[in-house]
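Each remark here refers to the structure printed beneath this line.
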Amino acid sequence: MEEVDNIIIHTFRQIGCDIPEDVSSLREFTTAMIVGATSKCLRMIKDDLQIPSVLPASMSSKFRLGTTLATACQEVGYRGEIGYQTFLYSNEADIRKLFMFLVENLPKESSESASEPAMGSAVMLNRRIAAELSKRLAKPWTPSFCKKDNISWTGTKPRAWHKEGTRCVRRFHACPLRIPEGLGDLTKKIPKDVKAYYGTSLPFITSQPACRQDVAPSVVEENAIAVTLANEWENEWNQSGLASQLSKEEYLAQKRERLEKKIKQHLQSELQRANLDAAANADLSDIVSSLSGKKLLYFQDHH
């Protein structure tokens with residue numbers, strides 16, 4: 001019940017109830033605190049309710065207020081046993097049940113933060129940051145010089161005032177990177193000369209782009225391509241590869257043959273459309289014919 005009490009108490013504080021900081025359980029609620037919290041919730045649930053939030057001094061007035069609160073709770077849908085004694089001679093279980101009902105029926109914007117204490121201050125901070133970012137992203141971007149209030153405070157000293165704006169902005173520019181392949185795969189045998197090239201001649205990726213500022217974009221781009229190719233292959237294998245009942249090697253070989261055939265047919269049709277002399281046509285026809293005996297290295301490397 002401690003977690004439930006924390007949520008209820010936090011919600012009451014959020015909507016403006018006067019709950020002392022040292023109160024951490026409904027067991028510590030006084031009659032005045034119970035009356036004040038109930039009255040505040042009822043007024044937020046139903047705007048036209050006019051219920052005092054301060055416990056009167058005379059006993060007869062207390063009875064009348066307790067009866068009024070009980071009737072108002074029933075009007076907003078509370079179905080539990082309730083009467084003036086619920087507030088004046090409170091039982092912890094009954095009060096918890098009533099408060100849970102009131103919190104659940106508060107307007108949405110008032111009750112959204114009810115579960116935050118149980119999650120910790122880090123989650124609360126992340127939610128506030130996310131809400132602020134969502135609000136700003138929903139607005140159209142405007143240059144700082146077009147804004148009415150383009151001054152922001154960034155420190156404790158006057159010199160910390162500065163105009164909002166941007167600097168050191170650079171467009172995203174990526175370069176192709178040469179990255180060693182197969183070094184972590186024990187199933188692939190890498191030739192010695194390739195290993196030697198990787199170890200002695202291949203530059204580090206931080207040195208490959210002509211401009212050092214292009215290193216990060218190039219790494220991001222290379223990683224994005226690798227992830228995309230891996231996802232595409234996984235989807236293709238799960239959808240078409242498994243259905244073919246072939247091994248991966250057989251499936252790739254069959255796919256390569258179909259691709260080679262399409263390329264050959266396309267080139268042959270283009271040769272027939274082109275007006276070339278007999279010698280040139282014969283030379284190109286020989287090249288097209290030789291494609292069927294060669295592997296498509298790009299296709300093989302990327303699968």
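The values are calculated or read from the model by the stated rules, or taken from the named source; none is laboratory data. Not measured: the values here are computed from a predicted model. Neighbour counts run over all protein chains shown; Cβ positions are idealised from the backbone, glycine included. Surface accessibility is based on the protein's heavy atoms, side chains included, excluding ligands, DNA and RNA. Shrake-Rupley method; radii C 1.70, N 1.55, O 1.52, S 1.80 Å.
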Collect the residues in region 68-95 that are open to solvent by 70 Å² or more (accessible area, probe 1.4 Å) and not basic (Lys, Arg), keeping them in residue-number order. GLN74, GLU75, GLU81, TYR84, GLN85, TYR89, ASN91, ASP94
Check LYS264 against each of (1) open to solvent by less than 60 Å² (accessible area, probe 1.4 Å); (2) under 39 Å from the mean Cα position of the chain (by Cα); (3) among the charged types (D, E, K, R) and name the one condition it does not meet. (2)
Can you name the condition, by its number, that GLU249 falls short on among (1) surrounded by 10 or more Cβ atoms within 10 Å (Cβ to Cβ); (2) modelled with pLDDT of 85 or more? (1)
Residue under question is VAL35, and the condition is that it be free of Cβ contacts under 8 Å to residues at least 40 places away in the same chain, hydrophobic (A, V, I, L, M, F, W, C) and closer than 17 Å to VAL103 by Cβ; does it hold? no
When restricted to SER39, SER25, the only residue among the hydroxyl-bearing types (Ser, Thr, Tyr), open to solvent by less than 50 Å² (accessible area, probe 1.4 Å) and closer than 19 Å to PRO107 by Cβ is SER39
Out of PRO176, PRO191, report the one residue that is surrounded by 10 or more Cβ atoms within 10 Å (Cβ to Cβ) and at pLDDT 85 or above. PRO176
Hits in region 194-216 (condition: open to solvent by 60 Å² or more (accessible area, probe 1.4 Å) and of a type outside the set (Gly, Ala, Ser)): LYS195, TYR197, THR200, PHE204, ILE205, THR206, ARG212, GLN213
When LYS46 is evaluated against the numbered criteria (1) surrounded by 16 or more Cβ atoms within 10 Å (Cβ to Cβ); (2) modelled with pLDDT of 80 or more; (3) of a type outside the set (Asp, Glu), which criterion, by number, is the only one it fails? (1)
Index of the failed condition, LYS135 passing every other in (1) over 30 Å from ALA226 (Cβ atoms); (2) touching a helix residue (DSSP H, G or I) at 6+ places or on another chain (Cβ under 7 Å); (3) at pLDDT 65 or above: (2)
Please verify whether VAL219 is at pLDDT 85 or above and open to solvent by 50 Å² or more (accessible area, probe 1.4 Å), treating the condition exactly as stated. yes
